[in-house]
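What follows is a set of notes on a single structure, which appears directly below.
The values are calculated or read from the model by the stated rules, or taken from the named source; none is laboratory data. Treat the numbers as computed from the prediction; the structure is a model and nothing was measured. No Cβ is skipped: glycine too gets one built from the backbone with ideal geometry, and neighbour counts run over all protein chains shown.
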Amino acid sequence: MISATGDLTTLRLPPTRVMSMVYLSDSFILNRFLSSLLEAMNLISVFYFVFVYYSGRPHGQKTDIAWHIAIMLLSPCLILIDHGHFQYNCISLGLTVGAVAAVHSNKELVACFLFSLALNHKQMTAYFAPAFFSHLFGKCLRHRNPLLEVLKLGLVVLGTFALVWWPYIHSMESFLRVLRRLAPFERGIYEDYVANFWCTTSVLIKWKRMFTTQSLKLLSLGATVSTCLPSMLQQIWAPSNQGFLYGLLNSAFSFYMFSFQVHEKSILLPLLPASLLALEEPFLLKWITLHALFSMFPLLCRDGLILPYIALSVLFTLVYHAPTGRQDRKEAPSFNSFVTTIIVLCSVVLHIVYLTMHPPRRYPFLFEAVIMLLCFSQFMVLCFYTNAKQWMLKRSVFVDEEKKLL
């Protein structure tokens, strides 16, 4: 305020709490509401997958089917990230599940369309791209005219991308701006504490100090390609529906472990195919879910989601141990119960320590580093197991499917 003498004077106002500085127009609210309805895509896709998956089986108990649906829809990690951290992962993951179901029902063109939509919705869906490519390419090679089949799939992908990118391809500036947003290399190889190779080993090897961003991009690319290549080769050589699910899991694991700029929520990608394999690999699903939750624990604590974290963990455990016909299966053929008990106890202790104690001043992120080390070690064990399991699939699994294509 300016006084009569021309000097600036202050005007004391009563304290006011500003609740929000965001103006929400009616069109913005309507857009947010309509886009949130797209999260029903996950629900529709889950039922579509279960229908296709069990229709090709000689028998399937109703309790097993109901359990499989429940365990897929009640994923605690997905619920916490989408409805606590406020993301729209259900859309891209739902489209991916729909694409997987289309592959299982031999509707490859529909699968390419749905997966292209998922990839354009969230670029991290590219974690599944090697698995889709290798499986579909392997199936094309077994047709009478492989080149024609590849061309048809390629045209669907290019057409879908052209449709989605149409508003941006008229302006090179807009096009490049979107590309830069999709690939934020300037953030570094990792930004926060995440249970992958680069972040976990940074305690010993200071990747950001020792290497340039360009060198780290090449290192991460080489590590990612080399680790997902065996799974891809298996599906090109012997494509099968069951092998495709393992291929999705192995491809997502490779990207999560070794790709550039991985976020905590990226663990949702390996979780998806693990849930699709829930009936065959119940222990795998339980183990990856518990450690995926734990790997996101520091992030969820910052968001004030401790109570939902506990509630959904308990709910998942109750649903997982619900009595069904699958109880006759051997849950953990490659894990010793004593070792798993020790690991669970360590996780519980780390939860308590993280919530009740302060780290040393010299190492303010000590607890996060220990949590990521524990989760990373378990993810690596599961990654080795699923890669070996994919290569050990029986020959009859894909010989019968190959006959159907000819």
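If only residues of segment 148-189 that are in a loop (DSSP other than H, G, I, E, B), surrounded by 14 or more Cβ atoms within 10 Å (Cβ to Cβ) and not aromatic (Phe, Trp, Tyr) are counted, the one that is modelled with the lowest pLDDT is 188.
Of all residues in segment 193-216, how many are basic (Lys, Arg) and at pLDDT 90 or above? If you could, list the steps in order and put the result at the bottom.
So in segment 193-216, the residues basic (Lys, Arg) come out as 206, 208-209.
Subsequent filtering for residues that are at pLDDT 90 or above retains none.
Selection size over segment 193-216: 0.
Mind listing whichever residues of segment 115-143 are part of a loop (DSSP other than H, G, I, E, B) and within 23 Å of residue 233 (Cβ to Cβ)?
So the first thing to find is which residues in segment 115-143 are part of a loop (DSSP other than H, G, I, E, B), and the list is 122, 141-143.
Scanning segment 115-143 gives 141, 142, 143.
Restricting 398, 365, 338 to residues that are over 28 Å from residue 273 (Cα atoms), modelled with pLDDT under 90 and of a type in the set (Phe, Trp, Tyr) narrows the list to 365. The C-beta contact set for segment 322-347 (first residue assigned to a helix (DSSP H, G or I) and surrounded by 10 or more Cβ atoms within 10 Å (Cβ to Cβ), second residue of a type in the set (A, V, I, L, M) and modelled with pLDDT of 80 or more, distance under 7 angstrom, 6+ apart or interchain) comprises 326/279; 346/374; 347/374. Whenever a residue of segment 154-172 is without any contact (Cβ under 8 Å) to a residue 60 or more places away in the chain, its partners that are among the aliphatic types (A, V, I, L, M) and not in a helix (DSSP H, G or I), lying with C-beta atoms within less than 8 angstrom and at least six residues away or across chains, give the pairs 162/169.
Restricting the search to segment 117-147, which residues are polar (S, T, N, Q), more than 18 Å from the chain's Cα centre (by Cα) and buried (at least 17 other Cβ atoms within 10 Å of the Cβ)? Full working, then the answer.
From segment 117-147, those polar (S, T, N, Q) are 120, 123, 125, 134, 145; that's our starting set.
This time we only want the ones that are more than 18 Å from the chain's Cα centre (by Cα), so: 134, 145.
Result: 134, single match.
Restricting attention to segment 70-104, which residues are among the small types (Gly, Ala, Ser) and under 16 Å from residue 44 (Cα atoms)? 70, 75, 92, 94, 98, 99, 101, 102 - these are the residues of segment 70-104 that are among the small types (Gly, Ala, Ser) and under 16 Å from residue 44 (Cα atoms). So if I check each of 203, 194, which one is surrounded by 15 or more Cβ atoms within 10 Å (Cβ to Cβ) and not in a helix (DSSP H, G or I)? Checking each option against the conditions leaves just 194.
Kindly check whether there is at least one residue in segment 60-74 that is touching a Gly at 6+ places or on another chain (Cβ under 8 Å) and among the polar types (S, T, N, Q). Talk me through it step by step, then tell me what you get.
Taking segment 60-74 and keeping what is touching a Gly at 6+ places or on another chain (Cβ under 8 Å), we get 61, 63-64.
Still in the list and also among the polar types (S, T, N, Q): 61, 63.
Looking for residues that are touching a Gly at 6+ places or on another chain (Cβ under 8 Å) and among the polar types (S, T, N, Q), one finds at least one in segment 60-74, hence yes.
In this structure, residue 268 does satisfy being under 27 Å from residue 187 (Cα atoms) and either in a helix (DSSP H, G or I) or at pLDDT 95 or above (or both).
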